[in-house]
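Have a look at the structure below before the remarks.
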Amino acid sequence: MSTPETSIHGEWSSRLAFILAATGSAVGLGNIWRFPYITGEYGGGAFVIVYLLCIALIGLPVMMAEVLLGKRGRSSPINSMRILAQEAKRTRWWQALGWAGVVAGFLILSFYSIIAGWALAYIPRVASGMFTVVNDLSTTKEVADFVGARFGDLVGDPLRLLAWHTAFMIVTITMVAGGVQGGLERAVRWMMPALFIVLLVLVGYAMSTPKFMDGVHFMFDVDFHKLFYPKGEFSGEGVLVAMGQAFFSLSLGMGAIMVYGAYLPKHASIAQTTTAVVVADTFIAILAGLIIFPIVFSNGLEPGGGAGLVFKILPIAFGQMPFGSVMGTLFFVLLALAAWSSAISLIEPAVAWLVETGKFSRLSATIGCGVAAWLVGFATVFSFNIWSGVHPLSMFSAFKDKTLFNLIEYLTTNIMLPLGGLFIAIFVAWLMKRQIVAEELESSPESFGYRLWQFLLRYVTPLGVGLVFLNAIGVFS
Ligand code: PHE
């Protein structure tokens, strides 16, 4: 049986377009909102090192494998896996990998949209100069209280969160309905460089704060004690969270990168394109950390401030720096755009599958998926206010204080994505024909690069993911 030559959904106009789209998927709230907040919670340096190791040893090889599956299958993840399992003469059950990805995508989008809504909400706030007040406050405590209270006003109000969530979703639906080559390619082309420049300016501001070096030390001084004993007792959770973040930040394990790979022109090098995406993504996360932590320490705040960290910290900078309102507005606009270019990749696998069934137009498929994710999003909206005291799994000590939002975030990023990546690695490295894999990579199975990659996928990924899971459930403690 032969595999399809092209996808019915269209194709990227060039290799660069794929790099931009995949970078658009990878770079988002994961880098700027999530990376600093969890790095803060798990104590800094050691967490960062584990994260970087996961990116290099697991993330990069799995991303190549995921792109390869898409490029070979040329369809939605569900159908690509069906076609490729058939080609490799394996069970049809491999389709389940595509299904699991669709579910993970919905769940992630459901909370992603709320956090992106925060970014939208901060645009008018910063633009109107709300945070210039910090210059009139005399102590860092007053500053912290002020920005904390403004964040509290927002998340404490379910209707406001719902309104921004709805706005974010409507635009997401409009973009996805436009298809592969529509607005997306064009938007990402200038957005990424612009975001990068704004981040560099902010690093400049961070360097001017009194505790810049404290921030740098926090991020790069490796102290494994802090990672394994976050609250005095041994816990393997930090390593699991670092690995989950590597998958989340690179958009791996749920089919987003696979479906983008399906739109890749036939002769585009997988190794080069994915390396470019991984480097850009990692660099942006590190920059975000270099901005946040110096401001945290310079204002006498705690790095483990939770999911609101970035939204409490950056307004201080925008209140204080010259042209802060302009920079801040630009920053939150770009952050929202980066979130959109990620959000669209979260529902594209489901939309592509619905279109392939032949029963839905792209528009109706997109609206259906968007509305479903919007509804699930209510759970996250309420987790910050009327349900903030609801901890559904409080009978398990590990999940004691976790809200619905915390649980959805935990389940998807720390469990579903790494599991998806594990199965992708197993399928590509153990079950597909070497000849086919080598052909898609345009490489020889004898070359050093190929053998290294295969080794990482065959042994390092399964062992790594397996050990981290066992460690997290306490097997080694
Ligand atoms: N990588 C995106 C980010 O860092 C989130 C994402 C995860 C997107 C999984 C698609 C799939 O913001």
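Worth pointing out:
- Kirkwood hydrodynamic radius over Cα pairs of the stretch 1-127, then Stokes diffusion coefficient at 20 °C and 1.002 mPa s, in µm²/s: 122
- Accessible surface of the chain [probe 1.4 Å, protein heavy atoms]: carbon and sulfur percent: 68
- nm² value of the averaged projected area, convex hull over the Cα atoms of the chain: 21.4
- Integer Hz, Karplus 6.51/-1.76/1.60 couplings in order for the stretch 442-449, x for Gly and Pro: 6, 9, 9, x, 8, 5, 4, x
- The residues packed around L60, meaning those with a beta-carbon under 13 Å from its beta-carbon, carry a net charge of -2 if Lys and Arg are +1 and Asp and Glu are -1.
- Surface exposure of the chain, expressed per residue as accessible area with a 1.4 Å probe, stands at 38 Å².
- Take every Cα pair under 8 Å whose residues are at least 6 apart in sequence, average their separation, divide by the length of the stretch 32-147, and the relative contact order is 11 percent.
- Whole-Hz ³J(HN,Hα) from phi, Karplus 6.51 cos²θ - 1.76 cosθ + 1.60, for the stretch 253-266, glycine and proline x: x, 10, x, 4, 6, 5, 5, 5, x, 5, 9, 7, x, 3
- Full-extension gain in nm, R434 to V390, via 0.36 nm per residue minus C-alpha separation: 10.8 nm
- Put a plus charge on the Cβ of each Lys and Arg, a minus charge on the Cβ of each Asp and Glu, and nothing anywhere else: the dipole of the stretch 15-472 about its Cα centre is then about 1240 debye.
- Using the Cβ-Cβ distance between W190 and L407 with R0 set to 41 Å, the FRET efficiency works out to roughly 0.65.
- Taken one residue at a time, the phi angles of the stretch 295-306 give Karplus couplings (6.51, -1.76, 1.60, θ = phi - 60°) of 5, 4, 6, 5, 9, x, 9, 9, x, x, x, x Hz. Gly and Pro are set to x.
- Net charge contributed by nearby residues that have their C-beta within less than 14 Å of G101 (K/R +1, D/E -1): -1
- Relative contact order for the stretch 355-440: 14 percent, from Cα pairs under 8 Å spaced at least 6 residues apart, divided by residue count.
- Cα gyration tensor shape of the stretch 406-477, rounded if a/c is under 1.5, else prolate or oblate by comparing a/b with b/c: prolate
- Pairs of alpha carbons in the stretch 276-320 whose separation is greater than 11 Å (percent): 68
- The packing ranking of peptides 123-136, 10-23, highest mean first, is 10-23, 123-136, where packing means the average number of other beta carbon atoms within 10 angstrom of each residue.
- Cβ-derived FRET efficiency at R0 30 Å, L452 paired with I8, nearest 0.05: 0.30
- Net charge dipole, the stretch 219-301: roughly 260 debye, given to the nearest 20, about the Cα centre with Cβ charges of +1 for Lys and Arg and -1 for Asp and Glu.
- Mean shadow area of the stretch 338-380, taken as a quarter of the surface of its Cα convex hull (nm²): 3.2
- Summing +1 for each Lys or Arg and -1 for each Asp or Glu among the other residues whose beta-carbon sits under 13 angstrom from that of G24 gives -1.
- Pairs of Cα atoms nearer than 8 Å and 6+ residues apart set the relative contact order; for the stretch 15-472 it is 36 percent.
The values are calculated or read from the model by the stated rules, or taken from the named source; none is laboratory data. This structure is a prediction, so every number in the text was calculated from the model and none was measured. Because the Cβ atoms are built from the backbone with ideal geometry, glycine has one as well, and the counts that use them run over all protein chains shown. Heads up: the accessible areas ignore ligands, DNA and RNA and are worked out on the full protein's heavy atoms, side chains in. Shrake-Rupley method; radii C 1.70, N 1.55, O 1.52, S 1.80 Å.
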